[in-house]
Amino acid sequence: VAEAPPGSGAVARAFASAAARSLSAEPGLRAEHAAGGASGGRAWALVALRAEDEGLDALPGRVDRALRTIAHGWPALAERAVEAAAEARAWAGGSVGDLARRLALDPPTTPSPADARALLERLAQRPPVFVVRRPPGDARD
């Protein structure tokens, strides 16, 4: 979670997608799901991974390496995320109810490329939270 300007949902989703691709390139890791969003001046990103048991101890270092690997691309990713958000707003049609939901969840603003790049960097610098879920019936702690 990181502080974010209004309309940063697309940037957070772009961060989560880029992180998922980079993490999937790590041996023994596979991204199962990626999501991101923003609300109330905060942005979040989530990547659900499938990992081999023997790789769990090394997971924090692998996440750090995966994010460092993609850090050089923050400017281009920020620009694409801002363009995608603007295009989505331009195509946002549908029913009045659909439009009302969109406006309530993501204000009709788009951050600047500089603000988007700064948000990507803040998200990458935040310490990740790890939750290990084992299959039902697995007796390990």
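Here, each number is a calculation from the coordinates, and none is a lab measurement. Computed from a prediction, not measured in an experiment: that's the story for all the values here. In this analysis, Cβ positions are derived from the backbone assuming ideal geometry, glycine residues included, and neighbour counts consider all displayed protein chains.
Please turn the phi angles of the stretch 69-82 into ³J(HN,Hα) values with the Karplus equation 6.51 cos²θ - 1.76 cosθ + 1.60 (θ = phi - 60°), one per residue in order, whole Hz, x for glycine and proline.
Result, ordered by residue: 4, 9, 4, 5, x, 4, x, 5, 5, 4, 4, 5, 5, 5 Hz.
Using 1/(1 + (r/R0)^6) with R0 = 41 angstrom and r between the beta carbons of residue 138 and residue 88, what's the FRET efficiency to the nearest 0.05?
Numbers: r = 41 Å, r/R0 = 0.99.
FRET efficiency, residue 138 to residue 88: 0.50.
When only Cα pairs under 8 Å and 6 or more residues apart are kept, what is the percent relative contact order across the stretch 1-84?
Once normalised by length, the contact order is 34 percent.
Quick one: go through the stretch 1-27 and flag any residue whose amide nitrogen is under 15 Å from the point 7 Å out along the Cα-to-Cβ line of residue 65.
Under 15 Å, as judged by backbone N against the label point of residue 65, lie 22-27 of the stretch 1-27.
I'd like to compare 26-37, 49-60, 9-20: which one has the highest average count of other Cβ atoms within 10 Å, and what's the full order after that?
9-20, 26-37, 49-60
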